[in-house]
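Q: Sending over a structure as structure tokens; questions will come in a sec.
The values are calculated or read from the model by the stated rules, or taken from the named source; none is laboratory data. Model, not experiment: these values are computed from the prediction. Cβ atoms come from the backbone with ideal geometry, glycine included; neighbour counts cover every protein chain shown. Just so you know, the surface numbers come from the protein's heavy atoms only, side chains and all, with ligands and any DNA or RNA stripped out. Shrake-Rupley method; radii C 1.70, N 1.55, O 1.52, S 1.80 Å.
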Amino acid sequence: MASSKRFKLFFCAVGIFVCYFHFAMLQEKITRGQYGDEKNSEKFTYTFSLVFFQCLVNYLFAKTTLLTIMKQGEDTTPRTYYSLSALTYLLGMVCSNMALQFVSYPTQVIGKAGKPIPVMILGVLLGNKIYPVRKYLFIFLVVIGVALFMYKDANPGKKQYEGQAAFGELLLLMSLIMDGLTSAIQERMQAEHNSKSGHMMLNMNAWSAIFSGIVILASGEFFEFIQFLHRYPSTIWHIVSFSIGGAFGQYFIFLTVAEFGPLTCSIITTTRKFFTVLGSILIFGNSLTSRQWLGTFIVFSGLFLDAMYGKNKSSKKDVVK
């Protein structure tokens, strides 16, 4: 019995690592890659279309699993909650993907590692939550690490680059705020209606697909996106594979939380983010300074300590990533 439990934990951990590593590498390849030849090179800028396709695949995956594996009974959560959380969830993903046009993937991962900060602030302001002092200390470590990583040495010759990087970091900040709002809404949904993870995944992705679909049709981005895929058909497989990897990753997270609890899931996801940064450095040649390596170590130390010792016994962790 114990060996079966250990095998299932190993299976879940490998699933999260493999799916999200695949997801992350393709995300960087799609959003930061150069398309075309040297004279007519272009970048992928169709962020809403990418998110629309991702949400659509997630919705279909959630619908299938709810009908076959994750049978969770009747859902009593009002549509208003789902539509609001989907809006913040969508904006968070869009800002995060757009940021990759201006900052490196390691910077995005480290910046997004600060997610507990807005979650705590909005939890206190909107949810009247009380956190133990040690949690504030661990999150303060994350703040120090992120600040150390993001800090830029003065270099007059790189003003334009620094301006682009600053805009990318602003997008990451907006993404973090949206993540915090999403978590606050999800906690209220769970507290008031005992919303299940499968129903949340299904409905949030459905509403997100509707919102993003309206945007890409109204703005004309959808037709430009189709033309881009026609010019570079290999991108179609990258986007499909990227979306499938994200959907399976969410499933393994749900399975880990259900079988082993949010603490184990937090440790696994924190560890996989660190290896994602390493993968980005090795595969795409993103380099870090000694100061950024120190900031990275501090950030993941704070996240790991928070995962191990910072949770209240009754706390719930949002599982829609």
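Q: Spin-label point model (7 Å from Cα, Cβ direction): what's the E38 to E74 distance in nm?
A: Reported label-point gap for E38 and E74 is 6.7 nm.
Q: Between A218 and S3, with labels modelled 7 Å along Cα→Cβ, what's the label distance in nm to one decimal, could you check?
A: 5.9
Q: So, one more: Take the solvent-accessible surface of the protein heavy atoms, probe 1.4 Å, and return the percent of it on region 252-311 that carbon and sulfur atoms account for.
A: 70
Q: Classify region 161-229: rounded, prolate or oblate, from the alpha-carbon gyration tensor (a ≥ b ≥ c, eigenvalue square roots; a/c under 1.5 rounded; otherwise prolate if a/b is larger than b/c)? It would help to have the intermediate numbers written out before the result.
A: Details: a/c = 3.48, a/b = 1.33, b/c = 2.62.
Note, shape of region 161-229 comes out oblate.
Q: Under the rule of -39500 (n - 2.57) per DSSP H run of 4 or more residues, summed and divided by the residues of the chain, what mean residue ellipticity at 222 nm is obtained, to the nearest 500 deg cm²/dmol? If you can, show how the numbers build up before the last one.
A: Details: 11 runs with 252 residues, N = 321.
The helix contribution divided over the chain gives -27500 deg cm²/dmol.
Q: If you don't mind, there's one more thing I want to ask. In whole Hz, what ³J(HN,Hα) sequence does region 268-282 give by Karplus (6.51, -1.76, 1.60; θ = phi - 60°), x for Gly and Pro?
A: These are the phi-based 3J(HN,Hα) values: 5, 5, 5, 5, 5, 5, 4, 6, 5, 4, 4, x, 4, 5, 6 Hz.
Q: Among rounded, prolate and oblate, which fits region 1-143 when a ≥ b ≥ c are the square roots of the eigenvalues of its C-alpha gyration tensor, a/c under 1.5 means rounded, and a/b larger than b/c means prolate?
A: rounded
Q: Moving on to the next point. Between Q164 and F297, what is the label-to-label distance in nm when each label sits 7 Å out along the Cα-to-Cβ direction?
A: Each label point lies 7 Å from its Cα, and together they span 3.1 nm.
Q: Calculate I(q)/I(0) for the chain by the Debye formula, one identical point scatterer on each C-alpha and no solvent, and give its log10 at q = 0.07, 0.09, 0.10 Å⁻¹ to two decimals.
A: One equal scatterer on each Cα of the chain leads to -0.28, -0.47, -0.58.
Q: In addition: When the chain is fully extended, how far beyond the present Cα-Cα distance does L126 get from K29, taking 0.36 nm per residue of separation?
A: 31.2 nm
Q: Given a cut-off of 32 Å, name the pairs among K43/K71; K39/K112; K63/K115; K8/K112 whose C-alpha atoms lie farther apart than that in the structure shown.
A: Details: K43/K71 42 Å; K39/K112 34 Å; K63/K115 28 Å; K8/K112 28 Å.
From K43/K71; K39/K112; K63/K115; K8/K112, over 32 Å: K43/K71; K39/K112.
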